[in-house]
Amino acid sequence: MKKLYLQTFGCQMNERDSEGVQGLLLDRGFETTSTIEEADLILYNTCSVRDHAEQKVFGRMGHFRKLKQINPNLIVGIVGCMAQEHGGNFFKKNPEIDLVCGPGNLNQIPDLVEEIRLQRAPRLAIDRLNEEYSLENVHHRSGELKGLVTIMTGCDHRCTYCIVPYTRGDERSRNSENIIKEMRDLEAKGFKDVMLLGQNVNSYGKGLEESIDFAGLLEKIQKETPGIPRLRFITSHPKDAHTRLFTAMRDLPMVCEHMHLPVQSGSNRTLRRMKREHTREWYLEQIEEYRKLVPDGTLTTDFIVGFPGETEKDFLDTLEFIERIEFDSAFIFQYSPRPGTPALKLEDDVTPQEKSRRHQILLAAQKAASLKRNQALIGRTEEVLFESRSKRDEMRFVGRTRGYKRVVVSAERDIIGEFHQAKILSVADETLLGEIAGQ
Ligand code: SF4
């Protein structure tokens, strides 16, 4: 049996893409290995969002050379966003690479690998950037509890710091019937928590012949596959968030009360320079509406600190935003210049020291806000789906609330895959410590 070593970098959409590619190769007689030295085929599914993610992959090139000295028939492929971004240049810089395949060409991988094996010549496949979803009807799953479903790919926004539209293309929504087919497969396999994926799920439906929007898709999934207990979605753009979506989150039982709504900055000046197409006031209105319609809903976000031209005032506007909104949690990144993005033309004038100083201050403010939001749950009982054992104590189990809060409890038996009501007793960092109600 030929052995496949597949490593995924980056977002959940990459995870789902890797799962699909793995399924296609298993159908062609491969088996997976977690030992890279054993592999006949190595695939890296890559991420271009930040320079750090790219350097991790470039740093591995030397290793491929050594592995090929041991196994000259080894095939090495770079897949995903870095493949689309760098294309054929990969071969020039790294002769040990045999395959460069973009996110739009994933379904071609088994044939491309066979061609490479037979002809020992590299293959480049990056010509389907704006074509329909490449893993349609690939239902392979590597897990059995939590499932990922891509509902659309690409993005029509053009945030100045973002490379995604150039590696994932323009927005293309999948036909809702194909999504329902995939949801039925997950329902039949007993999946308990499904995450719908897209760079901007809120604009789902644009460009489809059928007239349907994202809230309409949620309603359809609720009606067609009611056997799936939990439904989530990521990522939303504030400009396309609205009452209809929040109402669907309130009224549809399977839709979990967690909203991830990246804002990136609390300064209107920076939002304009990022081309986020909305103001801080607009964002605040959406948050007020969400919290009115989904009072127990949780809210998380993303911030970029140190964007070119960010003044002390811009930074303080962002700090004030964090303190005012009290997000349940936030991913806060230092600005990282990306090739081919409009922001690259702006002088990266916030020094690394200043970026780091501002970063630490925002992290501390967010930590205080998260703690306050979590402490407010002490004494309450939350429904938790248990997913794994604690790394430190095998009789302690880790799960997630509907609000995506991490909860740890003790149990006398294995409760992975089960729903339990958990009483929240205390908070440790971003984790809720509890006990199973009635135990
Ligand atoms: S909305 Fe902006 S940040 Fe998000 S993927 Fe699209 S261009 Fe990138």
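The values are calculated or read from the model by the stated rules, or taken from the named source; none is laboratory data. This one's a predicted model, so the numbers in the text were calculated from it and none came from an experiment. A quick note on method: Cβ atoms are made from the backbone with ideal geometry, for glycine too, and the neighbour counts reach across all protein chains shown. Calculation scope for accessible area: heavy atoms of the full protein, side chains included, ligands and nucleic acids excluded. Shrake-Rupley method; radii C 1.70, N 1.55, O 1.52, S 1.80 Å.
Overview of results
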quantity: Qualifying position, being among the small types (G, A, S) and more than 27 Å from the chain's Cα centre (by Cα), among G399, G379, G340; calculated: G379
quantity: Residues satisfying the stated conditions in segment 65-78, i.e. assigned to a helix (DSSP H, G or I) and without any contact (Cβ under 8 Å) to a residue 12 or more places away in the chain; calculated: K66, Q69
quantity: Single residue of segment 197-233 satisfying the filter (in contact (Cβ under 8 Å) with a residue 12 or more places away in the chain and of a type in the set (D, E)) that is farthest from the ligand (Cβ to nearest atom); calculated: E224
quantity: Flag if I304 is over 17 Å from R272 (Cβ atoms) and not in a loop (DSSP other than H, G, I, E, B); calculated: no
quantity: Residue within segment 104-114 that is among the small types (G, A, S) and either loosely packed, with under 15 Cβ neighbours inside 10 Å or on the phi < 0 side of the Ramachandran plot (or both) present; calculated: yes
quantity: Only listed residue being of a type in the set (F, W, Y), in the same structural domain as P342 (by TED's automatic domain parsing), closer than 22 Å to S329 by Cβ and within 14 Å of the ligand (Cβ to nearest atom), chosen from Y283, Y290; calculated: Y283
quantity: Test: residue in segment 207-230 that is in contact with a Gly (Cβ under 7 Å, 6 or more places away or on another chain), within 28 Å of E131 (Cα to Cα), modelled with pLDDT of 95 or more and assigned to a loop (DSSP other than H, G, I, E, B); calculated: yes
quantity: Selection count, segment 220-234, where residues are open to solvent by less than 40 Å² (accessible area, probe 1.4 Å) and under 13 Å from M195 (Cα atoms); calculated: 7
quantity: Scope segment 170-196; condition among the acidic types (D, E) and without any contact (Cβ under 8 Å) to a residue 12 or more places away in the chain; matching residues; calculated: E177
quantity: From the options P110, P103, residue that is closer than 24 Å to D127 by Cβ, in contact with a Cys (Cβ under 7 Å, 6 or more places away or on another chain) and not assigned by TED's automatic domain parsing to the domain that holds V194; calculated: P103
quantity: Of all residues in segment 403-420 being touching a strand residue (DSSP E or B) at 6+ places or on another chain (Cβ under 6 Å) and not aliphatic (A, V, I, L, M), the one that is farthest from T298 (Cα to Cα); calculated: S410
quantity: Check on G87, assigned by TED's automatic domain parsing to the domain that holds G10, under 27 Å from D170 (Cα atoms) and crowded, with 19+ Cβ neighbours inside 10 Å; calculated: no
quantity: Some residue of segment 326-338 being modelled with pLDDT of 95 or more, open to solvent by less than 60 Å² (accessible area, probe 1.4 Å), among the charged types (D, E, K, R) and not assigned by TED's automatic domain parsing to the domain that holds T301; calculated: no
quantity: All positions within segment 263-322 that are farther than 16 Å from L245 by Cα, without any contact (Cβ under 8 Å) to a residue 24 or more places away in the chain and open to solvent by 20 Å² or more (accessible area, probe 1.4 Å); calculated: R272, T279, E281, E312, L316
quantity: Residue within segment 369-389 that is crowded, with 18+ Cβ neighbours inside 10 Å and over 25 Å from M249 (Cα atoms) present; calculated: no
quantity: Leading residue by the ranking (surrounded by the most Cβ atoms within 10 Å (Cβ to Cβ)) among those in segment 21-63 that are touching a residue at least 40 places away in the same chain (Cβ under 8 Å) and part of a loop (DSSP other than H, G, I, E, B); calculated: S48
